[in-house]
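Peer 1: One structure, as structure tokens, below. Some questions next.
The values are calculated or read from the model by the stated rules, or taken from the named source; none is laboratory data. Since the structure is predicted, the reported quantities are computational estimates derived from the model, not experimental observations. Note that we place each Cβ from the backbone using ideal geometry, even for glycine, and neighbour counts take in every protein chain shown.
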């Protein structure tokens, strides 16, 4: 693989951004209600020059108030999950690490359900609870995965799987025991659901949190490259491992927490996307992180477009789409790793 | 200064990355702030337009409070209604407003015309785009079936959503009145409501003094799911002269069969649109452990009621009448001789055929 240059970084990210934009236009175009491409382009143009009041009302509502926020949410969630997956893979030196498989998503789900039960009126508490749930889970899985002071790949994955099933049991308990509360929406949310827009006041928190999380992880990109060779080796090469660990675990938990509190547990994106990016553009984390963010956004936008259109007007859970693609890939990677 | 060993090529890329990072960050911030906050701005212009319209002499909308306490602005003339639940579809048709129903859900099957309407998906997971595309003046939802998220999302984009929340037969009648008001169909609502009330008080008169039957209402058999005390079905049973042996605070409690065997209900009530299939299922149950220990099942004290009992709509009163007849046949016998306290056996009663 050629060494990474600034030119190559910019070209790759630029190309991926163009693909993402194309996917956004495609996703805006497709849906239960058919809209022609020319109309869409024309109207996007009208909005861009500030003549949005000339749009027909239903059109404005469907494209700009329903589809576009949903696509943007998909971009946020896809980028967050992919980057946190990629950084977990480096920190745990495990190619199968992913917020869903490690139980971090389930931890975030428990955190946000508990938070909503404690203070239902306080909207900020949901992402906060999800973040705390995520960071507690990754800490637990990290310590479960240690053997004689070293991270053991199998023990780590087992620890993750056990945590995930334990936390799912807690979710099921909460949902059946707390009958007085309206938790019906939670069932859909758990399967991964982008149809519910972010609460109006929280849009800032989500976009700033996402940029801050990805940015913070990006500052450690060069260190992550060295960490892949081993923790002791990285220390010898001058990496401040404790600082990197702190930054990456906190940021990745923040990203997972935000993604889960907005859209539930969408699995396998954090696993699938970084691997695809590695195959396409090489393993250098300075390119892998921004490319994963963009590819994750593309993956979720496409998966959600499928979920919206395959059985229209009935909507399928987007989590089912990603799991159908992701689970076979997980098995493939696992078997390849065994050989 | 800390010593770091790194390949030269990546050093230059690293330095460049810092610049790229700030530039990219600015770009993303700009993009996100435009995309995320440009949209609410669009919505605001619309609100201003609507507000200026309000200053005209004739009011274009009336304010209502729905059954869960939300304020809803409904246009004075409602020409296009989207119903998000089967019971609401039935109410709209009962009010004679079926022609104005622009869309309903996959589960809306009564009356037959309801199945011909454009569909917006299932009640729990309707397609919001489809709802919007039907350009409704009013969306009807009900708390027990629809999700809060659906109502909030539709309200946020400016569609008036009226939510009902009936927990009793009287609440259902109140819902009919409320929807009648919202649709400005008071003229058809008033006689309908009066008729329903009269039929109910007629039932009350007939079964007055009769001992309430102890019944098990079976929502689902595997696992056994029954009804909680706060549901309109529990109230419908009360109005028909029966009492559910299950007294749970949950709306649809999962019940332990052992507990039912201990309580030995007098009658089992099944709700079904297809009585024949249900009869077959009940025959299967007779062989099951637990179920076969139920006296009511062995003796055939079973009522199969039409699925109207499951919907808080005017047909619920039909279901109450049928149940009352099944529970207290003597009270409805001609001449009303209530002298014989004979135990009744209603295997597949009239309402099932």
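Peer 1: Mind checking whether some residue in segment B:124-136 is in a helix (DSSP H, G or I), assigned by TED's automatic domain parsing to the domain that holds residue B:69 and under 16 Å from the mean Cα position of the chain (by Cα)?
Peer 2: no
Peer 1: Restricting to segment A:245-256, name every residue that is more than 9 Å from the chain's Cα centre (by Cα) and in contact (Cβ under 8 Å) with a residue 40 or more places away in the chain.
Peer 2: Just the residues of segment A:245-256 that are more than 9 Å from the chain's Cα centre (by Cα), to begin with: A:245-254.
A:245, A:248, A:249, A:250, A:251, A:252, A:253, A:254 - these are the residues of segment A:245-256 that are more than 9 Å from the chain's Cα centre (by Cα) and in contact (Cβ under 8 Å) with a residue 40 or more places away in the chain.
Peer 1: Turning to a different aspect of this structure: Among the residues that make up segment A:161-174, is at least one of them at pLDDT 80 or above, within 14 Å of chain B (Cβ to nearest Cβ) and surrounded by fewer than 17 Cβ atoms within 10 Å (Cβ to Cβ)?
Peer 2: Checked segment A:161-174: at least one residue is at pLDDT 80 or above, within 14 Å of chain B (Cβ to nearest Cβ) and surrounded by fewer than 17 Cβ atoms within 10 Å (Cβ to Cβ).
Peer 1: Here are A:61, A:144: which of them is closer than 24 Å to residue B:154 by Cα, free of Cβ contacts under 8 Å to residues at least 24 places away in the same chain and either more than 14 Å from every other protein chain (Cβ to nearest Cβ) or crowded, with 24+ Cβ neighbours inside 10 Å (or both)? First the steps, then the outcome.
Peer 2: Values: A:144 fails: closer than 24 Å to residue B:154 by Cα.
Result of the check over A:61, A:144: A:61.
Peer 1: From the residues in segment B:84-113 that are in contact (Cβ under 8 Å) with a residue 24 or more places away in the chain and in contact with a strand residue (DSSP E or B) (Cβ under 6 Å, 6 or more places away or on another chain), which one is surrounded by the fewest Cβ atoms within 10 Å (Cβ to Cβ)?
Peer 2: This residue is B:100.
Peer 1: Can you name the helices (runs of 4 or more DSSP H) wholly within segment A:206-281 that have at least 2 residues being within 19 Å of residue A:4 (Cβ to Cβ) and in contact with a helix residue (DSSP H, G or I) (Cβ under 8 Å, 6 or more places away or on another chain)?
Peer 2: Values: elements: A:221-227, A:231-236, A:241-263, A:269-281.
The helices (runs of 4 or more DSSP H) meeting that bar are A:221-227, A:269-281.
Peer 1: Hey, among the residues in segment B:163-172 that are part of a loop (DSSP other than H, G, I, E, B) and surrounded by fewer than 23 Cβ atoms within 10 Å (Cβ to Cβ), which one's farthest from the other protein chains (Cβ to nearest Cβ)?
Peer 2: Here is the first cut: in segment B:163-172, the ones part of a loop (DSSP other than H, G, I, E, B) are B:165-168.
Add one more test, that the residue is surrounded by fewer than 23 Cβ atoms within 10 Å (Cβ to Cβ), and what stays is B:165, B:167-168.
Details: B:165: 11, B:167: 13, B:168: 18 Å.
So, considering only residues that are part of a loop (DSSP other than H, G, I, E, B) and surrounded by fewer than 23 Cβ atoms within 10 Å (Cβ to Cβ), the one farthest from the other protein chains (Cβ to nearest Cβ) is B:168.
Peer 1: What is the one condition in (1) more than 7 Å from every other protein chain (Cβ to nearest Cβ); (2) touching a residue at least 24 places away in the same chain (Cβ under 8 Å); (3) surrounded by fewer than 23 Cβ atoms within 10 Å (Cβ to Cβ); (4) in a helix (DSSP H, G or I) that residue A:88 does not satisfy?
Peer 2: (3)
Peer 1: Within segment A:28-36, is even one residue part of a helix (DSSP H, G or I) and out of contact with any strand residue (DSSP E or B) (no Cβ under 6 Å at 6 or more places or on another chain)?
Peer 2: Yes: segment A:28-36 contains one or more residues that are part of a helix (DSSP H, G or I) and out of contact with any strand residue (DSSP E or B) (no Cβ under 6 Å at 6 or more places or on another chain).
Peer 1: Further, regarding this structure: Return the pair list, or none, for Cβ contacts closer than 6 Å from residues in segment B:301-312 that are touching a residue at least 60 places away in the same chain (Cβ under 8 Å) to residues that are part of a loop (DSSP other than H, G, I, E, B) and surrounded by 22 or more Cβ atoms within 10 Å (Cβ to Cβ), at least 6 apart or on different chains.
Peer 2: Sorted first by the residue in segment B:301-312, then by its partner, the pairs are B:312/B:166.
Peer 1: Still on this structure, please answer the following. Got a number for residues in segment A:313-328 being part of a helix (DSSP H, G or I) and within 14 Å of chain B (Cβ to nearest Cβ)? Step through it out loud before you land on a result.
Peer 2: Kept after step one, since they are part of a helix (DSSP H, G or I), are these residues of segment A:313-328: A:318-328.
Then keep just the ones that are within 14 Å of chain B (Cβ to nearest Cβ); that gives A:318-320.
Total meeting the criteria: 3.
Peer 1: For segment A:291-312, state whether one or more residues are over 15 Å from the mean Cα position of the chain (by Cα), away from chain B (no Cβ under 14 Å) and over 24 Å from residue A:203 (Cβ atoms).
Peer 2: Here is the first cut: in segment A:291-312, the residues over 15 Å from the mean Cα position of the chain (by Cα) are A:305-312.
Right, trim to away from chain B (no Cβ under 14 Å) and you get A:306.
Next, only the ones that are over 24 Å from residue A:203 (Cβ atoms) stay: A:306.
Within segment A:291-312, one or more residues are over 15 Å from the mean Cα position of the chain (by Cα), away from chain B (no Cβ under 14 Å) and over 24 Å from residue A:203 (Cβ atoms).
Peer 1: Report the residue count in segment A:1-49 for those that are at pLDDT below 75, more than 30 Å from residue A:315 (Cβ to Cβ) and either more than 10 Å from chain B (Cβ to nearest Cβ) or loosely packed, with under 11 Cβ neighbours inside 10 Å (or both).
Peer 2: 3
Peer 1: Here's another thing I want to ask about it. Taking segment B:139-154, which residues are facing chain A (nearest Cβ under 9 Å) and part of a helix (DSSP H, G or I)?
Peer 2: Those that are facing chain A (nearest Cβ under 9 Å) and part of a helix (DSSP H, G or I): B:148, B:149, B:150, B:152, B:153.
Peer 1: Just to be sure before I move on: is residue B:160 surrounded by fewer than 18 Cβ atoms within 10 Å (Cβ to Cβ) and in contact with a strand residue (DSSP E or B) (Cβ under 6 Å, 6 or more places away or on another chain) in the structure I sent?
Peer 2: Working: surrounded by fewer than 18 Cβ atoms within 10 Å (Cβ to Cβ): no; in contact with a strand residue (DSSP E or B) (Cβ under 6 Å, 6 or more places away or on another chain): yes.
Answer is no for this residue.
Peer 1: Could you tell me how many of the residues in segment A:283-297 are over 17 Å from residue A:96 (Cα atoms) and in a loop (DSSP other than H, G, I, E, B)?
Peer 2: The number of residues fulfilling the criteria is 1.
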